[in-house]
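Engineer: First, the structure itself, so that you have it in front of you.
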Amino acid sequence: MKRIIYILYSALVLLMFTNCKNSENSSELPISEQEDNRIQVSKIQFNQNNMALGMLEKKPVPIKISVNGMIDVPPENKAVVNSTVGGYIKTTPFLEGDVVKKGQALVTLENPEFVTMQQEYMEIKEQLNYLKAEFDRQQTMLEENITSQKNYLKAESAYKTAIAKFNGLKKQLVMLNISPTSVEKGNIASIVTLYAPISGSISKVNVTRGTYVSPATSIIEIIDNSHIHLELSVFEKDIMNVKKGQKITFKIPEASEDTFLAEVHLVGTTIGENRTIKVHGHPLDDSNKFLTGMFVNADIITKEKEAYVLPESAVVEIEDDYYVLMLNETTATDYFFHQIKINIGNTVNGTTELLENTNINETDKLLVNGAFNLIGN
(Lines give C-alpha, C1' and ligand atoms only; values in the text may rest on other atoms or scores of the structure.)
Protein backbone atom coordinates (compact mmCIF):
# COMPACT_ATOMS: atom_id res chain seq x y z
CA MET A 1 0.00 0.00 0.00
CA LYS A 2 2.79 2.40 0.92
CA ARG A 3 4.50 1.54 -2.35
CA ILE A 4 1.42 2.54 -4.36
CA ILE A 5 1.09 5.82 -2.47
CA TYR A 6 4.78 6.60 -3.11
CA ILE A 7 4.40 5.97 -6.87
CA LEU A 8 1.29 8.19 -7.08
CA TYR A 9 3.03 10.97 -5.16
CA SER A 10 6.09 10.84 -7.46
CA ALA A 11 3.90 10.98 -10.58
CA LEU A 12 2.04 13.98 -9.20
CA VAL A 13 5.28 15.89 -8.48
CA LEU A 14 6.61 15.10 -11.97
CA LEU A 15 3.37 16.29 -13.56
CA MET A 16 3.46 19.56 -11.61
CA PHE A 17 7.10 20.18 -12.62
CA THR A 18 6.31 19.60 -16.30
CA ASN A 19 3.37 22.02 -16.18
CA CYS A 20 5.52 24.70 -14.55
CA LYS A 21 8.22 24.28 -17.20
CA ASN A 22 5.71 24.60 -20.03
CA SER A 23 4.25 27.65 -18.36
CA GLU A 24 7.70 29.27 -18.16
CA ASN A 25 8.46 28.53 -21.81
CA SER A 26 5.12 29.95 -22.84
CA SER A 27 5.72 33.19 -20.97
CA GLU A 28 9.04 33.70 -22.80
CA LEU A 29 7.43 33.79 -26.27
CA PRO A 30 6.93 37.24 -27.91
CA ILE A 31 3.41 38.60 -27.97
CA SER A 32 3.38 38.42 -31.76
CA GLU A 33 4.00 34.67 -31.65
CA GLN A 34 1.50 34.04 -28.90
CA GLU A 35 -1.36 35.93 -30.50
CA ASP A 36 -0.71 37.14 -34.08
CA ASN A 37 1.89 38.91 -36.23
CA ARG A 38 0.55 42.42 -35.64
CA ILE A 39 2.57 45.19 -34.00
CA GLN A 40 0.99 46.37 -30.78
CA VAL A 41 1.47 49.94 -29.51
CA SER A 42 -0.13 51.17 -26.30
CA LYS A 43 -1.90 54.52 -26.43
CA ILE A 44 0.40 55.75 -23.68
CA GLN A 45 3.46 54.86 -25.78
CA PHE A 46 1.76 56.37 -28.85
CA ASN A 47 1.30 59.74 -27.13
CA GLN A 48 4.65 59.82 -25.34
CA ASN A 49 6.53 59.28 -28.62
CA ASN A 50 4.49 61.87 -30.56
CA MET A 51 3.25 59.25 -33.01
CA ALA A 52 0.62 60.26 -35.56
CA LEU A 53 -1.87 58.66 -37.93
CA GLY A 54 -2.61 59.78 -41.45
CA MET A 55 -4.01 58.67 -44.80
CA LEU A 56 -3.01 58.67 -48.45
CA GLU A 57 -3.25 61.97 -50.30
CA LYS A 58 -3.48 62.56 -54.02
CA LYS A 59 -1.16 65.36 -55.09
CA PRO A 60 0.81 66.53 -58.12
CA VAL A 61 4.14 64.69 -58.06
CA PRO A 62 7.13 65.99 -60.02
CA ILE A 63 8.80 63.81 -62.62
CA LYS A 64 12.50 64.48 -62.29
CA ILE A 65 15.91 63.68 -63.75
CA SER A 66 18.63 63.04 -61.18
CA VAL A 67 22.02 64.54 -62.10
CA ASN A 68 25.32 65.56 -60.54
CA GLY A 69 27.37 68.70 -60.92
CA MET A 70 29.22 71.43 -59.10
CA ILE A 71 28.99 75.06 -58.02
CA ASP A 72 30.86 77.33 -60.44
CA VAL A 73 31.14 80.91 -61.66
CA PRO A 74 31.36 82.31 -65.24
CA PRO A 75 34.86 82.68 -66.74
CA GLU A 76 34.73 86.48 -66.43
CA ASN A 77 34.33 86.06 -62.66
CA LYS A 78 37.70 84.35 -62.36
CA ALA A 79 41.07 86.07 -62.66
CA VAL A 80 44.72 85.09 -62.47
CA VAL A 81 47.22 87.77 -61.48
CA ASN A 82 50.66 87.57 -63.10
CA SER A 83 53.42 89.88 -64.27
CA THR A 84 54.30 90.72 -67.87
CA VAL A 85 57.99 90.76 -66.86
CA GLY A 86 59.79 88.46 -64.43
CA GLY A 87 60.75 89.63 -60.96
CA TYR A 88 61.16 88.79 -57.30
CA ILE A 89 58.20 89.01 -54.92
CA LYS A 90 58.90 91.78 -52.42
CA THR A 91 55.57 91.91 -50.54
CA THR A 92 52.52 89.64 -50.57
CA PRO A 93 50.25 90.64 -47.67
CA PHE A 94 47.12 88.66 -48.57
CA LEU A 95 46.01 85.14 -47.67
CA GLU A 96 43.50 82.75 -49.21
CA GLY A 97 39.99 83.89 -48.34
CA ASP A 98 40.80 87.59 -48.14
CA VAL A 99 38.32 89.83 -49.97
CA VAL A 100 39.78 92.41 -52.35
CA LYS A 101 38.36 95.13 -54.56
CA LYS A 102 39.14 95.84 -58.18
CA GLY A 103 42.22 98.05 -58.43
CA GLN A 104 43.52 97.17 -54.95
CA ALA A 105 47.27 96.58 -54.63
CA LEU A 106 48.06 92.88 -54.21
CA VAL A 107 51.81 92.25 -54.47
CA THR A 108 55.00 94.13 -55.31
CA LEU A 109 57.87 92.88 -57.51
CA GLU A 110 61.49 94.00 -57.74
CA ASN A 111 63.82 93.55 -60.69
CA PRO A 112 66.80 95.58 -62.08
CA GLU A 113 65.27 95.11 -65.54
CA PHE A 114 62.55 97.56 -64.53
CA VAL A 115 65.23 100.23 -64.11
CA THR A 116 66.87 99.35 -67.46
CA MET A 117 63.52 99.59 -69.24
CA GLN A 118 62.88 103.07 -67.84
CA GLN A 119 66.40 104.21 -68.79
CA GLU A 120 65.87 103.03 -72.37
CA TYR A 121 62.56 104.85 -72.44
CA MET A 122 64.15 108.11 -71.36
CA GLU A 123 67.06 107.72 -73.80
CA ILE A 124 64.85 107.10 -76.81
CA LYS A 125 62.58 109.96 -75.80
CA GLU A 126 65.54 112.35 -75.78
CA GLN A 127 66.70 111.07 -79.19
CA LEU A 128 63.31 111.71 -80.76
CA ASN A 129 63.76 115.48 -80.85
CA TYR A 130 67.08 115.18 -82.70
CA LEU A 131 65.83 112.46 -85.09
CA LYS A 132 62.68 114.46 -85.85
CA ALA A 133 64.71 117.56 -86.63
CA GLU A 134 67.11 115.60 -88.84
CA PHE A 135 64.22 113.98 -90.69
CA ASP A 136 62.57 117.37 -91.31
CA ARG A 137 65.93 118.82 -92.53
CA GLN A 138 66.53 115.95 -94.94
CA GLN A 139 63.00 116.27 -96.26
CA THR A 140 63.47 119.99 -96.95
CA MET A 141 66.83 119.42 -98.58
CA LEU A 142 65.40 116.65 -100.77
CA GLU A 143 62.66 118.96 -101.97
CA GLU A 144 65.35 121.52 -102.94
CA ASN A 145 67.53 118.82 -104.53
CA ILE A 146 70.33 119.54 -102.07
CA THR A 147 70.55 115.99 -100.61
CA SER A 148 70.20 112.50 -102.00
CA GLN A 149 67.21 110.20 -101.71
CA LYS A 150 69.40 107.78 -99.74
CA ASN A 151 70.14 110.27 -96.98
CA TYR A 152 66.47 111.19 -96.74
CA LEU A 153 65.36 107.57 -96.41
CA LYS A 154 68.03 106.91 -93.80
CA ALA A 155 66.82 109.83 -91.67
CA GLU A 156 63.19 108.75 -92.13
CA SER A 157 63.97 105.18 -91.08
CA ALA A 158 65.89 106.22 -87.97
CA TYR A 159 63.11 108.56 -86.87
CA LYS A 160 60.24 106.10 -87.38
CA THR A 161 62.23 103.26 -85.73
CA ALA A 162 62.77 105.45 -82.68
CA ILE A 163 59.05 106.29 -82.54
CA ALA A 164 58.15 102.59 -82.63
CA LYS A 165 60.64 101.75 -79.87
CA PHE A 166 59.43 104.70 -77.78
CA ASN A 167 55.79 103.66 -78.05
CA GLY A 168 56.66 100.03 -77.29
CA LEU A 169 58.60 100.91 -74.15
CA LYS A 170 55.83 103.26 -73.04
CA LYS A 171 53.26 100.49 -73.40
CA GLN A 172 55.44 98.07 -71.41
CA LEU A 173 55.76 100.60 -68.61
CA VAL A 174 51.98 101.02 -68.51
CA MET A 175 51.52 97.24 -68.36
CA LEU A 176 53.92 97.18 -65.38
CA ASN A 177 51.85 99.92 -63.72
CA ILE A 178 54.75 102.38 -64.03
CA SER A 179 53.66 105.88 -65.01
CA PRO A 180 55.55 107.14 -68.13
CA THR A 181 54.84 110.71 -67.02
CA SER A 182 56.55 110.04 -63.70
CA VAL A 183 59.53 108.48 -65.48
CA GLU A 184 59.80 111.51 -67.76
CA LYS A 185 60.12 113.63 -64.62
CA GLY A 186 63.12 111.57 -63.58
CA ASN A 187 61.42 109.21 -61.10
CA ILE A 188 62.96 105.79 -61.78
CA ALA A 189 61.37 102.87 -59.86
CA SER A 190 62.85 99.42 -59.24
CA ILE A 191 59.63 98.06 -57.72
CA VAL A 192 56.30 97.57 -59.48
CA THR A 193 52.88 96.88 -57.96
CA LEU A 194 50.31 94.40 -59.30
CA TYR A 195 46.64 95.29 -58.77
CA ALA A 196 43.44 93.23 -58.55
CA PRO A 197 41.77 93.01 -61.99
CA ILE A 198 38.36 92.15 -60.42
CA SER A 199 36.65 92.29 -57.04
CA GLY A 200 36.26 89.01 -55.19
CA SER A 201 37.88 86.57 -52.81
CA ILE A 202 41.44 85.29 -53.12
CA SER A 203 41.23 81.57 -53.85
CA LYS A 204 44.96 80.81 -54.23
CA VAL A 205 48.26 82.45 -53.30
CA ASN A 206 51.00 80.61 -55.19
CA VAL A 207 54.06 82.58 -54.05
CA THR A 208 55.91 83.73 -50.96
CA ARG A 209 58.23 86.65 -50.34
CA GLY A 210 61.43 86.29 -52.35
CA THR A 211 59.96 83.94 -54.96
CA TYR A 212 61.05 84.61 -58.53
CA VAL A 213 58.10 84.73 -60.92
CA SER A 214 58.13 84.64 -64.69
CA PRO A 215 55.37 85.95 -66.98
CA ALA A 216 53.90 82.42 -67.02
CA THR A 217 53.67 82.20 -63.21
CA SER A 218 50.23 82.38 -61.60
CA ILE A 219 50.82 84.61 -58.58
CA ILE A 220 47.33 85.01 -57.14
CA GLU A 221 43.91 83.72 -58.23
CA ILE A 222 40.68 85.63 -57.51
CA ILE A 223 37.07 84.44 -57.73
CA ASP A 224 34.03 86.71 -57.71
CA ASN A 225 31.19 84.69 -56.14
CA SER A 226 28.52 87.30 -56.90
CA HIS A 227 27.25 85.21 -59.83
CA ILE A 228 27.20 81.62 -58.58
CA HIS A 229 25.60 79.02 -60.86
CA LEU A 230 25.20 75.25 -61.18
CA GLU A 231 27.11 73.31 -63.80
CA LEU A 232 25.17 70.04 -64.17
CA SER A 233 26.00 67.03 -66.35
CA VAL A 234 22.89 65.51 -67.99
CA PHE A 235 23.10 62.21 -69.86
CA GLU A 236 22.27 62.16 -73.55
CA LYS A 237 19.16 60.01 -73.03
CA ASP A 238 17.57 62.67 -70.77
CA ILE A 239 18.60 65.91 -72.45
CA MET A 240 15.55 66.13 -74.75
CA ASN A 241 13.34 66.54 -71.67
CA VAL A 242 15.33 69.46 -70.25
CA LYS A 243 14.12 72.97 -71.10
CA LYS A 244 15.01 76.50 -70.04
CA GLY A 245 12.97 77.69 -67.07
CA GLN A 246 12.45 74.26 -65.44
CA LYS A 247 12.86 74.07 -61.67
CA ILE A 248 15.85 72.38 -60.06
CA THR A 249 16.13 71.07 -56.51
CA PHE A 250 19.66 70.41 -55.30
CA LYS A 251 21.67 69.45 -52.25
CA ILE A 252 25.30 69.88 -51.27
CA PRO A 253 25.78 66.51 -49.51
CA GLU A 254 29.20 67.25 -48.05
CA ALA A 255 28.12 70.52 -46.43
CA SER A 256 24.39 70.52 -45.65
CA GLU A 257 21.20 68.43 -45.48
CA ASP A 258 19.12 71.36 -46.75
CA THR A 259 17.45 71.33 -50.16
CA PHE A 260 17.88 74.43 -52.34
CA LEU A 261 16.05 75.66 -55.43
CA ALA A 262 17.39 76.71 -58.81
CA GLU A 263 16.19 77.19 -62.38
CA VAL A 264 17.51 75.94 -65.72
CA HIS A 265 19.07 78.92 -67.48
CA LEU A 266 21.01 77.40 -70.39
CA VAL A 267 21.10 73.96 -72.01
CA GLY A 268 24.34 72.97 -73.74
CA THR A 269 24.42 72.07 -77.43
CA THR A 270 27.42 69.73 -77.51
CA ILE A 271 28.00 66.26 -76.06
CA GLY A 272 31.05 66.00 -73.84
CA GLU A 273 32.74 63.27 -71.85
CA ASN A 274 30.69 60.22 -70.82
CA ARG A 275 27.96 61.26 -73.30
CA THR A 276 26.79 64.14 -71.11
CA ILE A 277 25.61 67.67 -71.88
CA LYS A 278 26.23 70.68 -69.64
CA VAL A 279 23.16 72.40 -68.16
CA HIS A 280 23.60 75.82 -66.56
CA GLY A 281 21.29 76.61 -63.61
CA HIS A 282 20.77 79.76 -61.53
CA PRO A 283 20.13 79.33 -57.77
CA LEU A 284 16.97 80.97 -56.43
CA ASP A 285 18.28 80.91 -52.85
CA ASP A 286 20.92 83.14 -51.31
CA SER A 287 24.02 82.22 -53.33
CA ASN A 288 26.44 83.77 -50.82
CA LYS A 289 26.35 80.53 -48.81
CA PHE A 290 27.79 78.48 -51.70
CA LEU A 291 31.46 78.10 -52.58
CA THR A 292 32.94 77.48 -56.00
CA GLY A 293 33.82 73.82 -56.50
CA MET A 294 31.17 72.37 -54.15
CA PHE A 295 29.77 69.01 -55.33
CA VAL A 296 26.02 69.02 -56.07
CA ASN A 297 23.30 66.35 -56.24
CA ALA A 298 20.40 67.79 -58.23
CA ASP A 299 16.98 66.89 -59.64
CA ILE A 300 15.65 68.66 -62.71
CA ILE A 301 11.83 68.68 -62.59
CA THR A 302 10.61 68.16 -66.15
CA LYS A 303 6.82 67.85 -65.51
CA GLU A 304 4.20 66.74 -62.94
CA LYS A 305 1.66 63.93 -62.58
CA GLU A 306 -1.14 63.06 -60.13
CA ALA A 307 -0.19 60.32 -57.64
CA TYR A 308 -0.85 59.06 -54.10
CA VAL A 309 1.70 60.23 -51.58
CA LEU A 310 2.60 59.75 -47.93
CA PRO A 311 4.80 61.75 -45.58
CA GLU A 312 8.40 60.63 -45.95
CA SER A 313 8.47 59.75 -42.25
CA ALA A 314 5.81 57.05 -42.80
CA VAL A 315 8.10 54.97 -45.04
CA VAL A 316 10.88 52.80 -43.62
CA GLU A 317 13.61 51.21 -45.74
CA ILE A 318 14.91 47.75 -44.80
CA GLU A 319 17.49 46.12 -47.10
CA ASP A 320 16.28 47.99 -50.22
CA ASP A 321 12.61 47.22 -49.47
CA TYR A 322 10.08 49.78 -48.22
CA TYR A 323 7.38 49.31 -45.58
CA VAL A 324 4.57 51.20 -43.86
CA LEU A 325 2.38 50.37 -40.83
CA MET A 326 -1.40 50.27 -41.45
CA LEU A 327 -3.81 50.51 -38.51
CA ASN A 328 -5.69 47.24 -38.12
CA GLU A 329 -7.51 47.59 -34.80
CA THR A 330 -8.00 50.10 -32.02
CA THR A 331 -8.90 49.11 -28.46
CA ALA A 332 -9.38 51.12 -25.30
CA THR A 333 -5.69 50.85 -24.50
CA ASP A 334 -3.81 49.84 -27.66
CA TYR A 335 -3.32 50.23 -31.38
CA PHE A 336 -2.57 47.21 -33.60
CA PHE A 337 -0.71 47.64 -36.91
CA HIS A 338 0.05 45.45 -39.92
CA GLN A 339 3.43 45.85 -41.62
CA ILE A 340 2.89 46.25 -45.39
CA LYS A 341 5.51 46.25 -48.15
CA ILE A 342 5.12 49.02 -50.74
CA ASN A 343 6.73 50.32 -53.94
CA ILE A 344 7.77 53.95 -53.93
CA GLY A 345 8.63 56.58 -56.52
CA ASN A 346 10.11 60.03 -56.03
CA THR A 347 10.50 61.74 -52.67
CA VAL A 348 10.14 65.52 -52.89
CA ASN A 349 9.63 68.13 -50.18
CA GLY A 350 9.03 65.54 -47.46
CA THR A 351 6.45 63.44 -49.34
CA THR A 352 6.97 60.04 -50.99
CA GLU A 353 5.10 58.76 -54.03
CA LEU A 354 3.49 55.28 -53.92
CA LEU A 355 3.73 53.11 -57.06
CA GLU A 356 1.48 50.22 -58.11
CA ASN A 357 0.23 49.59 -54.60
CA THR A 358 -3.19 47.85 -54.21
CA ASN A 359 -2.89 46.93 -50.54
CA ILE A 360 -3.68 50.42 -49.25
CA ASN A 361 -6.93 52.33 -49.79
CA GLU A 362 -7.62 56.03 -49.42
CA THR A 363 -9.58 55.36 -46.21
CA ASP A 364 -6.88 53.27 -44.52
CA LYS A 365 -5.09 54.86 -41.61
CA LEU A 366 -1.32 54.67 -41.53
CA LEU A 367 1.32 55.48 -38.94
CA VAL A 368 2.94 58.56 -40.46
CA ASN A 369 5.23 59.42 -37.56
CA GLY A 370 7.13 56.94 -35.41
CA ALA A 371 7.15 53.95 -37.75
CA PHE A 372 10.93 53.81 -37.92
CA ASN A 373 11.24 52.59 -34.33
CA LEU A 374 8.70 49.79 -34.86
CA ILE A 375 9.33 48.30 -38.28
CA GLY A 376 12.02 45.65 -38.39
CA ASN A 377 12.58 45.67 -34.61
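Rundown of residues vs (1) closer than 30 Å to Ile248 by Cα; (2) modelled with pLDDT under 80; (3) touching a strand residue (DSSP E or B) at 6+ places or on another chain (Cβ under 9 Å), yes/no style:
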{"position": "Val13", "(1), (2), (3)": "no, yes, no"}
{"position": "Phe17", "(1), (2), (3)": "no, yes, no"}
{"position": "Ile31", "(1), (2), (3)": "no, yes, yes"}
{"position": "Asn50", "(1), (2), (3)": "no, no, yes"}
{"position": "Pro60", "(1), (2), (3)": "yes, no, yes"}
{"position": "Pro74", "(1), (2), (3)": "yes, no, yes"}
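Engineer: Another question, if that's okay. In segment 327-346, how many residues are of a type in the set (Asp, Glu) and farther than 16 Å from Gly370 by Cβ? Give the derivation first.
Structural biologist: Step one: list which residues in segment 327-346 are of a type in the set (Asp, Glu), which gives 329, 334.
Narrowing the set further to residues that are farther than 16 Å from Gly370 by Cβ leaves 329.
Number of matching residues: 1.
Engineer: In the list Ala332, Ala262, Ala307, Ala314, which residue meets the criterion of being touching a Leu at 6+ places or on another chain (Cβ under 8 Å) and under 30 Å from Lys43 (Cα atoms)?
Structural biologist: Details: Ala332 fails: touching a Leu at 6+ places or on another chain (Cβ under 8 Å); Ala262 fails: under 30 Å from Lys43 (Cα atoms); Ala307 fails: under 30 Å from Lys43 (Cα atoms).
Step by step, each of Ala332, Ala262, Ala307, Ala314 is checked, and only Ala314 is touching a Leu at 6+ places or on another chain (Cβ under 8 Å) and under 30 Å from Lys43 (Cα atoms).
Engineer: Still on this structure: Under 8 Å between Cβ atoms, which residue pairs at least 6 apart in sequence (or on different chains) link something in segment 301-315 that is more than 24 Å from Leu232 (Cα to Cα) with a partner that is aromatic (Phe, Trp, Tyr) and in a strand (DSSP E or B)?
Structural biologist: Val315/Tyr322; Val315/Tyr323
Engineer: I'd like the residue in segment 318-377 that is outside any strand (DSSP E or B) and hydrophobic (A, V, I, L, M, F, W, C) and, out of all such residues, is modelled with the lowest pLDDT.
Structural biologist: Taking segment 318-377 as the starting set, the residues that turn out to be outside any strand (DSSP E or B) are 319-320, 331-333, 349-350, 356-365, 370-377.
Subset that is hydrophobic (A, V, I, L, M, F, W, C): 332, 360, 371-372, 374-375.
Numbers: Ala332: 91, Ile360: 84, Ala371: 83, Phe372: 81, Leu374: 81, Ile375: 75.
Per the stated criteria, the residue is Ile375.
Engineer: Quick one: which of Lys132, Lys125 is closer than 19 Å to Thr181 by Cβ, assigned by TED's automatic domain parsing to the domain that holds Leu176, in a helix (DSSP H, G or I) and in contact with a helix residue (DSSP H, G or I) (Cβ under 7 Å, 6 or more places away or on another chain)?
Structural biologist: Working: Lys132 fails: closer than 19 Å to Thr181 by Cβ.
Sole residue among the options that is closer than 19 Å to Thr181 by Cβ, assigned by TED's automatic domain parsing to the domain that holds Leu176, in a helix (DSSP H, G or I) and in contact with a helix residue (DSSP H, G or I) (Cβ under 7 Å, 6 or more places away or on another chain): Lys125.
Engineer: What are the pairs with Cβ atoms under 8 angstrom where one residue, in segment 233-244, is closer than 11 Å to Val264 by Cβ and the other, located anywhere, is loosely packed, with under 13 Cβ neighbours inside 10 Å and of a type in the set (A, V, I, L, M)? Sequence gap at least six, or different chains.
Structural biologist: Hits for this filter: Lys244/Leu266.
Engineer: Being in contact with a helix residue (DSSP H, G or I) (Cβ under 8 Å, 6 or more places away or on another chain), loosely packed, with under 15 Cβ neighbours inside 10 Å and either among the aliphatic types (A, V, I, L, M) or within 27 Å of Ile300 (Cβ to Cβ) (or both) is the filter here, so list the residues in segment 34-58 that pass it.
Structural biologist: Residues satisfying the conditions do not exist here.
Engineer: Now for a separate question. (1) surrounded by 16 or more Cβ atoms within 10 Å (Cβ to Cβ); (2) hydroxyl-bearing (Ser, Thr, Tyr); (3) not assigned by TED's automatic domain parsing to the domain that holds Lys251: which one isn't true of Thr333, the others all being true?
Structural biologist: With (1) surrounded by 16 or more Cβ atoms within 10 Å (Cβ to Cβ); (2) hydroxyl-bearing (Ser, Thr, Tyr); (3) not assigned by TED's automatic domain parsing to the domain that holds Lys251 applied to Thr333, the lone miss is (1).
Engineer: Here is a follow-up. Checking Glu120 against (1) buried (at least 18 other Cβ atoms within 10 Å of the Cβ); (2) closer than 17 Å to Ser179 by Cα, which single condition isn't satisfied?
Structural biologist: (1)
Engineer: Quick check on segment 292-312. Is at least one of its residues farther than 16 Å from His229 by Cβ and in a helix (DSSP H, G or I)?
Structural biologist: Checking segment 292-312: at least one residue is farther than 16 Å from His229 by Cβ and in a helix (DSSP H, G or I).
Residue-wise test of (1) of a type in the set (A, V, I, L, M, F, W, C); (2) touching a Phe, Trp or Tyr at 6+ places or on another chain (Cβ under 7 Å); (3) surrounded by 15 or more Cβ atoms within 10 Å (Cβ to Cβ).
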site	(1), (2), (3)
Pro60	no, no, no
Ile65	yes, no, yes
Pro75	no, no, no
Val80	yes, no, no
Thr84	no, no, no
Thr91	no, no, no
Leu106	yes, yes, yes
Val115	yes, no, no
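The values are calculated or read from the model by the stated rules, or taken from the named source; none is laboratory data. The structure presented is a predicted model; accordingly, all values stated were derived computationally and were not measured. No Cβ is skipped: glycine too gets one built from the backbone with ideal geometry, and neighbour counts run over all protein chains shown.
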